[in-house]
Amino acid sequence: MIYTIKGDILIELSQVEDEFLKRNRVVFHPEDMLKSAVDERKKSIEPTELDRFNDLNCNQQASLQELARQMGGSVGGISFDKDKCITLGNFYKVGANTSSSTISVQASHEYCLLSKKVNEYYMASHKTGAIYKAYSRELTCMLNRVGIRHIVSKELKLALRHGDYDLDDAFIYATENIYTPMKLIMSELWLNSKYLNNLKRKTKTKDVNQEIQDHLFEINFLDERHRTLVEEMEEMKDMFFLKLRDYCAEKLVESKVMTSLKSYNWNMDATFEHIITHLEDFVV
């Protein structure tokens, strides 16, 4: 099933996903956006209320299990009847005459109220998740169109969050802060190395000479590209260290600088700001 929301963004669901969302009363509207869905989820329940509900829910189940023990049996299939405001389950008593029945305990008024909020929260979460997938897919396509290929989900999540869940703003944040020149080179190096290693393995297992020759041609091309990328990476590193040395006359610990670069996802500007703020940690 396909739903269209604001910005002509398509939510593509399998039959199983669609049926699941319908069972949970999730409805998509043409004016829906990721931000509105996130806001709806936030408004549905306070974090403290969710914690309180979880505590009460544990108490309810413990009370039902204690009742079953007092009756000389056990309980399973525990659920909550929101209309009657009771927690109930299937009671089993094993003995000469094995039997089963239903037992229940009354829930507090607070528990009943919170259970409604929790249901709204889960409905909002399911809706947010579906819209988030659609936005992630669209953002990935936008990044692919400008040549960015190696994209991981945590980077999409970061871009959407910093872009206040707006696609255009998320794209700007991603291209300016996540997929920096050094990051793009590192990503291509990683992809190139992975693909190159796969090709080299194929040449060891293939029996057809022509296929081996085709792979060897591609391997030579990728080897050359790999060397070019390494050279570009070294030039960027040299420029980065020159910039640091212009600011700091002391000897820098290169390994610590590189670790910091990696932790900042190869963002040289962010790494530079961090190093000059904590310079004592990076010098001998």
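The values are calculated or read from the model by the stated rules, or taken from the named source; none is laboratory data. Keep in mind the model is a prediction, meaning the values are calculated, not measured. So basically every Cβ, Gly included, is an ideal-geometry build from the backbone, and we count neighbours across all protein chains shown.
Just checking, does the range 88-100 include any residue being closer than 20 Å to residue 122 by Cα, β-branched (Val, Ile, Thr) and out of contact with any Lys or Arg (no Cβ under 6 Å at 6 or more places or on another chain)? The answer is no, given that none of the residues of the range 88-100 is closer than 20 Å to residue 122 by Cα, β-branched (Val, Ile, Thr) and out of contact with any Lys or Arg (no Cβ under 6 Å at 6 or more places or on another chain). For residue 75, the test of being among the hydrophobic types (A, V, I, L, M, F, W, C), more than 22 Å from the chain's Cα centre (by Cα) and in the same structural domain as residue 93 (by TED's automatic domain parsing) is passed. Please determine whether any residue of the range 128-135 is surrounded by fewer than 18 Cβ atoms within 10 Å (Cβ to Cβ), free of Cβ contacts under 8 Å to residues at least 24 places away in the same chain and more than 28 Å from residue 19 (Cα to Cα). Checked against the condition, which is being surrounded by fewer than 18 Cβ atoms within 10 Å (Cβ to Cβ), free of Cβ contacts under 8 Å to residues at least 24 places away in the same chain and more than 28 Å from residue 19 (Cα to Cα), the range 128-135 yields no hits at all. Within the range 10-23, at least one residue is touching a strand residue (DSSP E or B) at 6+ places or on another chain (Cβ under 7 Å) and loosely packed, with under 14 Cβ neighbours inside 10 Å.
Answer yes or no: is there a residue in the range 71-94 that is modelled with pLDDT under 95 and assigned to a helix (DSSP H, G or I). Checked against the condition, which is being modelled with pLDDT under 95 and assigned to a helix (DSSP H, G or I), the range 71-94 yields no hits at all. Restricting the range 263-278 to residues that are aliphatic (A, V, I, L, M) and under 30 Å from the mean Cα position of the chain (by Cα) leaves a set whose member that is surrounded by the most Cβ atoms within 10 Å (Cβ to Cβ) is 275. Contact annotation: residue pairs with Cβ atoms under 6 Å, 6 or more positions apart or on different chains, pairing a residue in the range 240-253 that is farther than 21 Å from residue 266 by Cβ with a partner that is not in a loop (DSSP other than H, G, I, E, B), are 250/283. No other residue among 41, 52 is in the same structural domain as residue 138 (by TED's automatic domain parsing) and within 21 Å of the chain's Cα centre (by Cα) apart from 41. The single condition from (1) part of a loop (DSSP other than H, G, I, E, B); (2) in contact with a strand residue (DSSP E or B) (Cβ under 6 Å, 6 or more places away or on another chain); (3) not charged (D, E, K, R) that residue 134 fails is (1).
Answer yes or no as to whether residue 111 is of a type outside the set (A, V, I, L, M), outside the structural domain of residue 264 (by TED's automatic domain parsing), part of a helix (DSSP H, G or I) and touching a residue at least 60 places away in the same chain (Cβ under 8 Å). No: the conditions fail for residue 111. Report every pair of residues separated by at least 6 positions or lying on different chains whose Cβ atoms are under 8 Å apart, first residue within the range 201-228 and within 18 Å of residue 191 (Cα to Cα), second loosely packed, with under 14 Cβ neighbours inside 10 Å and modelled with pLDDT of 85 or more. Note: pairs meeting the criteria are 226/193.
Every test in (1) on the phi > 0 side of the Ramachandran plot; (2) without any contact (Cβ under 8 Å) to a residue 12 or more places away in the chain is passed by residue 65 save one, and that test is (1). The set of residues in the range 218-242 being of a type in the set (A, V, I, L, M) and under 16 Å from residue 197 (Cβ atoms) consists of 219, 222, 229, 230. Only one entry in 13, 34 is modelled with pLDDT of 95 or more, closer than 30 Å to residue 167 by Cβ and assigned by TED's automatic domain parsing to the domain that holds residue 138, namely 34.
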